[in-house]
Amino acid sequence: MLSEVAKRGIYPLHGSRLGVFRLPVDLTELSEISTVMNELKNSGFKIDSYADRIYVTHQWVENGVDLLTQEPLSANLNITVEIVTGEVVDIIYQIKPLEFFGDPYWVRNYRDKADKNAKMVIDTILRNSRIGDKLIAHYQKAEKLTQEAAIAKLEGLAPLAKNPKARSPTAASAAAGPSTGPKPVSSSSPSAAQLQQTPQAPAAIATAGAAGDTTISLTGTGTNYSGVEGPIDPEFKSKRQVVGTFQGIKVWGPIDPPGQIGIWGTEVTVDFDICIADGACIEACPVDVYEWLETPGHPSSEKKPFMIREKDCIFCMACENVCPPQCVKIFQKGT
């Protein structure tokens with residue numbers, strides 16, 4: 001028989017005092033962890049962190065009346081939900097005994113209230129943070145759902161969320177974080193003729209990014225792709241067209257996100273459809289050209305080495321030489 005938490009769609013272990021939810025997503029990058037903390041702080045929770053854990057605390061006040069003196073009574077109670085970050089995300093809560101808060105003997109149904117508040121916190125984590133974006137991408141890949149269906153499934157799993165964030169197929173983006181809504185495409189967008197020549201999902205047009213022009217998205221309906229074998233085609237510039245930019249970095253099509261996302265870069269180029277995210281290029285680069293970029297739903301790997309500091313490349317060729325699937329190609333400027 002499924003327990004109550006099993007029906008919420010995750011992999012639960014459930015005891016009388018402890019709830020554990022395992023989410024099939026990862027949360028490893030410090031920048032992503034900070035983003036999640038800020039998103040939950042904006043939801044009104046108290047946020048702390050230690051080592052690999054984020055502590056999300058909800059506080060509430062219980063009011064009552066002393067049976068003998070008829071004087072009003074109040075007690076400040078709280079429940080803390082822990083997010084254990086890593087290659088998978090565990091969400092844990094444990095209900096403290098009522099005596100932990102002093103002697104509020106008059107409080108009624110404390111355990112039921114604490115349990116409901118803990119589930120409200122969990123639902124808010126899923127609906128209002130990047131963790132929810134990653135879960136949507138997982139449903140798209142694992143269950144072959146459309147983005148609309150994946151969003152609907154997330155909303156059904158988290159009905160108790162506090163002030164839930166609205167998501168739409170054109171706004172939800174697991175890689176870029178919460179969207180602020182559609183904006184006009186910049187002048188560097190591909191022409192209509194280029195879009196006709198290069199297959200591209202309708203969701204591939206996005207907004208302007210903080211670090212440079214962004215005209216493509218990493219989410220869409222392209223979920224029926226498999227991994228591509230290397231090496232990168234060294235002559236791709238004469239065979240492909242630039243279909244857009246991501247934070248100022250050129251993207252060469254064809255693209256059909258999330259399963260096909262093309263070749264990225266001008267001097268420091270990586271075929272993201274080949275990349276398996278082994279990290280050798282990031283470790284080898286002496287000037288920190290790369291940083292990880294989440295690409296949920298991609299069949300080869302769900303993160304890629306993004307050449308965000310491409311202009312800092314010293315053309316040492318270290319990343320190209322160490323790449324196991326040979327998906328990196330370095331071009332001297334002007335070539």
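Computed from the coordinates by the stated procedures, all read-outs in this text should not be read as laboratory data. Bear in mind that the values here come from a model prediction, so they are computed numbers and not experimental data. Every residue, glycine among them, receives a Cβ derived from its backbone with ideal geometry; neighbour counts consider all protein chains shown.
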Ranked highest first by the average count of other Cβ atoms within 10 Å around their residues, in what order do 276-287, 214-225, 98-109 fall? 214-225, 276-287, 98-109
What are the residues whose amide H is under 5 Å from the amide H of Lys250, where those residues sit 5 or more places off or on another chain and H is modelled from the backbone? Gly265, Thr266
Ranking request for peptides 142-150, 288-296: highest mean number of other beta-carbon atoms within 10 Å first, then the rest in descending order. 288-296, 142-150
If you plug each phi of region 92-108 into the Karplus form 6.51 cos²θ - 1.76 cosθ + 1.60 with θ = phi - 60°, what whole-Hz ³J(HN,Hα) values come out, in order, with x for Gly and Pro? 10, 9, 10, 7, 6, x, 4, 5, 4, 9, x, 9, x, 4, 7, 5, 10
Setting aside same-chain residues fewer than 8 positions from Lys303, which lysines have a Cα under 18 Å from its Cα? Lys134, Lys141, Lys250
Which GluC sites (Glu not before Pro) does region 29-97 hold that lie in a coil by DSSP with at most 11 other beta carbons within 10 Å? Glu87
Cα-based reach from Lys153 at 13 Å (exclusive), listing aspartates and glutamates while leaving out same-chain residues under 8 positions away: Asp123, Asp133, Glu143
Violating pairs (Cα-Cα greater than 30 angstrom) within the set Lys144/Lys333; Lys162/Lys304; Lys113/Lys165: Lys144/Lys333; Lys162/Lys304
Karplus ³J(HN,Hα) for region 20-27 (6.51 cos²θ - 1.76 cosθ + 1.60, θ = phi - 60°; Hz, whole; x = Gly/Pro) runs 10, 10, 10, 9, x, 9, 10, 8
Specify whether the C-alpha gyration tensor of region 244-289 places it in the rounded, prolate or oblate class, a ≥ b ≥ c being the square roots of the eigenvalues: rounded for a/c under 1.5, otherwise prolate if a/b is larger than b/c and oblate if not. oblate
For region 58-98, what does the alpha-carbon gyration tensor say about shape, rounded, prolate or oblate, given a ≥ b ≥ c as the root eigenvalues, a/c under 1.5 as rounded, and a/b over b/c as prolate? prolate
